[in-house]
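Encoded as structure tokens, the structure appears first; notes follow it.
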Amino acid sequence: MLEGKLVNLRVAEKEDLPLIADWLNDLEFTGEYQGLRQLSKSDFEKNFGVEDKHELKEFIIEKKDGTKIGFIAHFYVLHIAGKLLEIGYDLIPNERGKGYCSEAVNIMVDYLFMSRDIMRIQAATDMRNLASQKVLEKVGFKKEGTLRKCGFVRGEWRDDYLYSILREEWKEPRILTKR
Ligand SMILES: CC(C)(COP(=O)(O)OP(=O)(O)OC[C@H]1O[C@@H](n2cnc3c(N)ncnc32)[C@H](O)[C@@H]1OP(=O)(O)O)[C@@H](O)C(=O)NCCC(=O)NCCS
């Protein structure tokens, strides 16, 4: 368990899959800037824990009272020069705007820089998704540029902004401690 002040991040277990599937199939949960992909619970179960090149790892975001309010994940984007570590996140609608996601991203950045010998963490978000951009900027990510027509969202090809934070910009843990 990775503990913050407002939320904790807990590695997703098989028992969490039905809830995650319900969330991801709910268009209010994924919001207006993400795709419409629908997957059955058995599809989620089939893919869970299967090691592939992306090495997707999901964490449930929980409030301090244990209420499950969303998830944050890290995965590799494959690149000719190596693997780029990327994060993604979603929160249930009635818990947005309370600082939970910003803390979850801060915890994840601490965790990834403290547990892996990596130089950068990146995130991509639809250029209209101002809440997501605000989260990344609050945590210290910098906008690198535009990924043109990279997301197919509700029948349209959309541009994303690519953000990243470098180890030297992170400097030291903000929420997790070294002890
Ligand atoms: C993006 C998302 C995860 C943010 O989670 P959150 O817990 O609401 O984020 P936080 O409360 O930590 O911070 C959001 C910030 O964006 C701001 N914000 C929210 N909507 C905004 C808007 N339309 N325009 C500008 N700023 C906005 C908030 O005021 C807040 O900033 P503040 O702390 O300075 O007041 C959440 O909105 C969500 O789940 N959206 C749907 C799914 C999604 O888009 N996921 C990300 C895909 S890249």
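Would you mind working out the magnitude of the charge dipole of the range 3-141 relative to its Cα centre, with +1 at each Lys and Arg C-beta and -1 at each Asp and Glu C-beta, to the nearest 20 Debye?
Result for the range 3-141 is approximately 360 debye, rounded to the nearest 20.
Taking the DSSP beta bridges in the range 7-153 as the whole, what percent of them are antiparallel, to the nearest 5?
Restricted to the range 7-153, the bridges split so that about 95 percent are antiparallel.
For the chain, with the dipole built from +1 on Lys and Arg beta-carbon atoms and -1 on Asp and Glu ones, taken about the Cα centre, which of Met1, Ile118, Gly66 lies farthest toward the positive end?
Ile118
Apply the a/c threshold of 1.5 to the C-alpha gyration tensor of the range 71-179 and tell me whether it is rounded, prolate or oblate.
It is oblate, given that a/c is not under 1.5 and a/b is not larger than b/c.
Taking the beta-carbon count within 10 Å as an exposure proxy, list Val7, Val153, Val77 from fewest neighbours to most.
Val77, Val153, Val7
Per-residue counts of other Cβ atoms within 10 Å, averaged by peptide: what ranking do you get for 166-178, 91-103, highest first?
91-103, 166-178
Taking R0 as 35 Å, what's the FRET efficiency between Lys57 and Glu156 from their Cβ-Cβ distance, rounded to 0.05?
Efficiency, from the Cβ-Cβ distance: 0.70.
State which entries of Lys64/Lys138; Lys46/Lys143; Lys14/Lys138; Lys63/Lys83; Lys14/Lys53; Lys14/Lys83 exceed 29 angstrom in Cα-Cα distance in the structure shown.
Lys46/Lys143; Lys14/Lys138; Lys63/Lys83, as the Cα separations exceed 29 Å there.
We did not get these values from a lab; they are worked out from the coordinates using the rules stated. From a predicted model like this one, the values you see are computed outputs, not experimental measurements. Glycine gets a Cβ as well: all are built from the backbone with ideal geometry, and neighbour counts include every protein chain shown.
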